[in-house]
Amino acid sequence: MPDAVSSVRGGYDRWAAVYDHDANPLQGLEGPAVRSALGDVRGLAALDLGCGTGRHALWLAEAGANVTAVDFSEGMLAEARRKPGAAAVRFVVHDLHRPLPFASGAFDLLVSGLVLEHLRELGPFFAESRRVLRPNGRAVVSAMHPAMFLRGAQARFNDPASGEVVQPGSVDHSLGAFVMAAMGAGFVPTEIGEFAPDADFAVQYPRAVKYVGWPMLVLLSLRCECGITRSYMRMHDSAAH
């Protein structure tokens, strides 16, 4: 489905100019939850998949991690690169539908924020995420809660240049599909968090008013299952050569 992928990329290129300024309640819920789940990252090799304008990558670098950040939107990466602290991050242009261009076991920590709804298949994403992590590695993956699709919600924004409502393209995966894909790749869930806005949050983020008490965000905290690590890496590295 190259056209669908192109649509997502093009949508995010257009979104980049306003992405950090449109009071997106999902980002408001997600930021503190991700940082809490990540904990102390000092000295860790960290990979941010679908980094967008750099909200997680820049925080990780400031907190002392050695950060590589990946996105397929040149527009988003351009915004990220111009921010304070961006020089400390290695930014890579890459489509997450393809195998990651990194060696097996290269990272201690992986974070991916609000990406899963834009992937056609979850299995390859989690398999590649697992491959590039070390045997004791961790992953923190956030997504728009599948319950939001029941309310007709998906990623969208108002293009300030045209006034058009743009929907880059979303896939309605279930929460069970998230968890099973992660476990199938060799991750063990250590926590599954579901987050809904309350009335106080909605004062800060008015777009969340109609979702008060409704789950908007899911956060998966995952650790590597060491039993399959070496055999999976050997199979992948053999295939690569």
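The values are calculated or read from the model by the stated rules, or taken from the named source; none is laboratory data. Note that the coordinates shown come from a computational prediction; the quantities given were computed from them, not determined experimentally. Don't worry about glycine lacking a Cβ; one is built from the backbone with ideal geometry, like all the others, and counts go over all protein chains shown. Each accessible area value is taken on the protein alone, full model and side chains, heavy atoms only, with ligands, DNA and RNA left out. Shrake-Rupley method; radii C 1.70, N 1.55, O 1.52, S 1.80 Å.
Miscellaneous remarks
- In the set Asp71, Asp108, only one residue is surrounded by 20 or more Cβ atoms within 10 Å (Cβ to Cβ), closer than 19 Å to Val34 by Cα and among the acidic types (Asp, Glu); that residue is Asp71.
- Strands (runs of 3 or more DSSP E) within segment 21-132 that include 2 or more residues touching a Phe, Trp or Tyr at 6+ places or on another chain (Cβ under 6 Å) and in contact (Cβ under 8 Å) with a residue 40 or more places away in the chain: 45-49
This table checks each residue for (1) at pLDDT 95 or above; (2) over 17 Å from the mean Cα position of the chain (by Cα).
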| residue | (1), (2) |
| --- | --- |
| Asp95 | no, no |
| Ser104 | yes, yes |
| Asp108 | yes, no |
| Val115 | no, no |
| Arg134 | yes, yes |
| Ala153 | no, yes |
| Pro160 | no, yes |
| Glu164 | no, yes |
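- Meets criteria (modelled with pLDDT of 90 or more, open to solvent by less than 40 Å² (accessible area, probe 1.4 Å) and either in contact with a helix residue (DSSP H, G or I) (Cβ under 9 Å, 6 or more places away or on another chain) or among the polar types (S, T, N, Q) (or both)) for Ala199: no
- Of everything listed in (1) at pLDDT 95 or above; (2) open to solvent by 30 Å² or more (accessible area, probe 1.4 Å); (3) of a type in the set (A, V, I, L, M, F, W, C); (4) closer than 29 Å to Ala196 by Cβ, the single unmet condition for Val34 is (2).
- Test: residue in segment 122-129 that is modelled with pLDDT under 95 and open to solvent by 20 Å² or more (accessible area, probe 1.4 Å): no
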